[in-house]
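Remarks on the structure that follows.
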Amino acid sequence: MIKIEAIVRPEKMEDVKDALAVVEVKGITLYQVMGCGSQLGKTKKVRGHSFQMNLMPKIKFEIVVSDEDWARITIDAICNAAYTGEPGDGKIFSYDLDNVVRIRTREIGITAL
């Protein structure tokens with residue numbers, strides 16, 4: 001099993017959700033998060049005063065898939081949907097997941113997905 005965490009622009013949230021639905025990824029968790037990457041935020045001007053916004057609003061998707069083939073399909077769908085070509089498009093992290101348990105039935109492993 002592989003866990004995928006994708007951090008994307010808020011305005012791309014619906015595009016990513018739709019892309020995941022097309023490839024039939026059904027179990028997702030979303031968070032509103034704040035962060036900065038290599039662009040280190042941006043400068044805004046309000047009423048003649050400039051200030052640095054170091055943390056930008058982002059959306060974090062968490063998805064668990066059964067194998068590497070599904071991980072590649074999922075990551076490709078997210079990349080295609082979230083891409084703008086500008087700094088701040090986001091990042092995707094994937095890593096092996098040791099175990100999962102469905103609380104209601106106590107199923108373990110892939111059957112719990």
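Around Asp15, under 13 Å between beta carbons, what's the net of Lys plus Arg minus Asp minus Glu among the other residues? Write down the numbers at each step before the final one.
Numbers: positive: Arg9, Lys12, Lys17; negative: Glu11, Glu14, Asp18, Asp89.
Summing Lys/Arg as +1 and Asp/Glu as -1 gives -1.
Under a 1.4 angstrom probe, counting protein chains only, how are Ile75, Ile7, Ile108 ranked by accessible area, largest first?
On the way: Ile75 25, Ile7 50, Ile108 105 Å².
Of Ile75, Ile7, Ile108, the descending order of accessible area is Ile108, Ile7, Ile75.
Using the Cα centre of the chain as the reference point, and only Cβ charges (+1 on K/R, -1 on D/E), how large is the resulting charge dipole? Debye, rounded to the nearest 20. Show your work: numbers first, answer last.
Numbers: 16 positive and 16 negative charges, 163 e Å.
Using only the charged Cβ atoms, the result is roughly 780 debye.
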Magnitude of the charge dipole, region 62-113, Cβ model with Lys/Arg +1 and Asp/Glu -1, debye to 20: 320 debye
Helix 68-82 versus the longest principal axis of the chain: what is the Cα-based angle in degrees, 0 to 90, to the nearest 10? 30 degrees
To the nearest 10 degrees, the tilt of helix 13-22 (Cα long axis) against the first principal axis of the alpha carbons of the chain is 30 degrees
Determine how large the accessible area of Glu107 is when every protein chain is in place; take a 1.4 Å probe and give Å² rounded to the nearest 10. 60 Å²
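Multiplying the sequence separation of Lys91 and Glu14 by 0.36 nm and subtracting their Cα-Cα distance, what value in nm do you get? Don't jump to the answer; show the numbers that get you there.
On the way: separation 77, 0.36 × 77 = 27.72 nm, distance 1.68 nm.
Working it through step by step, the gained length comes to 26.0 nm.
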I'd like the per residue volume of the convex hull spanned by the Cα atoms of the chain, given in cubic angstrom. 121 Å³
Run the quick spin-label model on Val100 and Asp76: label points 7 Å from Cα toward the beta carbon, then report their separation in nm to one decimal. 2.1 nm
Here, Ala112 and Val22, labelled 7 Å along Cα→Cβ, have an inter-label distance in nm of 3.2 nm
Residue with peak Gaussian network fluctuation, the chain [Cα springs, cutoff 10 Å], from Val100, Val16, Val46: Val46
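Report in % the part of the accessible area of the chain that belongs to carbon and sulfur, leaving out ligands and nucleic acids; probe 1.4 Å. Don't skip to the end; give the middle numbers.
On the way: 4070 of 7730 Å².
The C+S portion of the solvent-accessible surface of the chain is 53 percent.
Averaged per residue, what accessible surface does the chain expose to a 1.4 Å probe, in Å²? Could you put the intermediate results ahead of the total?
On the way: 7730 Å² over 113 residues.
Value for the chain: 68 Å² per residue.
The values are calculated or read from the model by the stated rules, or taken from the named source; none is laboratory data. Given the structure is predicted, the values throughout are model-derived calculations rather than measurements. Virtual Cβ from ideal backbone geometry, glycine too; neighbours counted across all protein chains shown. Areas reflect the complete protein model, heavy atoms only, side chains present, ligands, DNA and RNA absent. Shrake-Rupley method; radii C 1.70, N 1.55, O 1.52, S 1.80 Å.
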